[in-house]
Amino acid sequence: QSRPNYSALGFIMPLFASITVLGDVEEFHVDSTYKTNRTGHELFAVVATVNGIGFPIAYFLLKMNPINSSITTSTTTSTTTSTSTTTTTATATAITTTPTTADAPSTPPAVNPTNEQLSTRSDLIAQFFTKLRERGLRSVRFMFTDKDEGQINAIVNVFGEEAVRLCLWHLMRAVKLQLAKNKLEDPQYDVEEAMQRFTFVEHWFQPTENREGRRCERADHREIIVSMMRRHYDMHTNIPVGGVYLTAYDIHTHCAREAYDFCKEHNLRDAWAYLYNRWYKESWWKRWARSSRVAIPIGKTTMMIESQWRILKRDFLVNSIRPRLDYLVWIIIQKQIVTIHHTFSLKIVNRTQKLDWELEFVREWHTKTGRGEPGSNSRCNRSENDNAEKLYLPSIENWTCGCPSYAKSRFMLCKHLISRYRDSHPFLRVVFGAHDYFICRQSTAPYVQILPVCFV
């Protein structure tokens, strides 16, 4: 039987076992990058978020080859000694291997993959995830990725539909680019399906036969839509809107209605067709909106793994432009692992160095208490609206508030929560710093906990 040929190699990092046994590690990131080796393999990484820091725990190299020769499948395990102070083991499982030569072309020819190759690619990624799950990667509550459908399908098949989390940065970038594109010849908008889910959708408001122009001509309209979707992303059933807690169904309906009304007001028929098909349809909405899950992920983007790519290319591949495949693997499991072990020991195990996000949390806390403002007293709370309690329903028990500042904050901070928390913990008025308190962020309420550091 003729089928796509491929070459793949997956291996776990020595910290894999140490991180997967931690009960509070539930957010992971997956992404791929190119131009890291001369054979043209796509390099995937799985990065675990441990107390706000990303640690790569597994890598996967994959290349789809032309359909010419038969496929040979083999599984090998190699044991390597790390250059760190202790002896560690890196297990490499080769799903399929092909010969790698020194004179291989540095840039593989660009060939559009067939549907069968795309399906095979997704299946191979799913096989890699399955191997990771068999080795202990079972606590995956959120798996962040971009809008790569091969990765999304693999996550769904192995970890379930609820694990998929789309990157907010990639979301906003994709919407801007797609709305600026020309109208499609076939927009594939099922108005009957949309009307069945949303009662406000009208049959006449759909793409017309005129296919000239862009989906959304004006740049300011595109910016408004992106800002609107950013707000929709942040909404959640535990965060009140106008003093009222909405259900997940009501939030979905409210957000879709806001997008629909804006498109209808400005006659953006193709823009609405795109937004519905790719973002507000039930199946896609669940993959990016926080309101579709009970737990709220701490992260919002895949910048955690993007920074890992920068470190790998800038610090370890800077003198090796597209090295051989075996040399690339050696760099990762022998050289990069030293830095990873050092960071893990310094910031996670011994906590001898404060984390960057902890210092940023403290800075934002002080900013929202009014510290540093002319004539302000940092021991006093900032003034707020008389009806703030009724309008925003701030709750330090759940650490939620309905004010705009809370929704925009990376750390879920606002002056309403800070003032109420300081009233119940007067010692915070005197001093608050990352060295004096342990800041705990979690995906379930209360989303932030501040605990005093106990020195032994």
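The values are calculated or read from the model by the stated rules, or taken from the named source; none is laboratory data. Just so we're clear, the structure is a prediction, and the values are computed from it rather than from any experiment. Cβ sites come from the backbone with ideal geometry, for glycine too, and all protein chains shown count toward neighbours. With ligands, DNA and RNA removed, areas are computed over all heavy atoms of the protein, side chains included. Shrake-Rupley method; radii C 1.70, N 1.55, O 1.52, S 1.80 Å.
Of note:
- Probe 1.4 Å, all protein chains present, accessible-area order of R121, R278, R218, largest first: R218, R278, R121
- Amide proton proximity set for Y437, modelled H, under 5 Å, gap of 5+: V453
- Karplus 3J(HN,Hα) series, Hz, for region 274-286 with 6.51 cos²θ - 1.76 cosθ + 1.60 (x for Gly, Pro): 5, 4, 5, 4, 9, 9, 9, 5, 3, 5, 7, 4, 5
- Computed label-point distance, nm, for sites H435 and T247 using a 7 Å Cα→Cβ extension: 5.2
- Within the full protein context, the accessible area of V201 is estimated at about 10 Å² for a probe radius of 1.4 Å.
- Average Cα contact separation per residue, region 240-357, under 8 Å, 6 or more apart, as relative contact order %: 13
- Computed from backbone phi, the HN-Hα couplings of region 162-168 come to 5, 6, 6, 10, 7, 5, 5 Hz, rounded to whole numbers (Karplus: 6.51 cos²θ - 1.76 cosθ + 1.60, θ = phi - 60°; Gly and Pro given as x).
- Of K313/K347; K63/K181; K390/K415; K286/K390; K313/K335; K300/K408, pairs whose Cα-Cα distance is over 19 Å: K313/K347; K63/K181; K286/K390
- V140 contributes an accessible area of around 20 Å² to the protein surface, as traced by a 1.4 Å probe with all chains present.
- Amide hydrogen proximity for R293: with H placed 1.01 Å from N in the peptide plane, no residue at 5 or more positions away or on another chain lies under 5 Å.
- Here the Karplus relation 6.51 cos²θ - 1.76 cosθ + 1.60, evaluated at θ = phi - 60°, turns the backbone of region 343-357 into coupling constants of 5, 5, 5, 6, 9, 10, 6, 8, 6, 7, 9, 6, 7, 4, 5 Hz, with x for every Gly and Pro.
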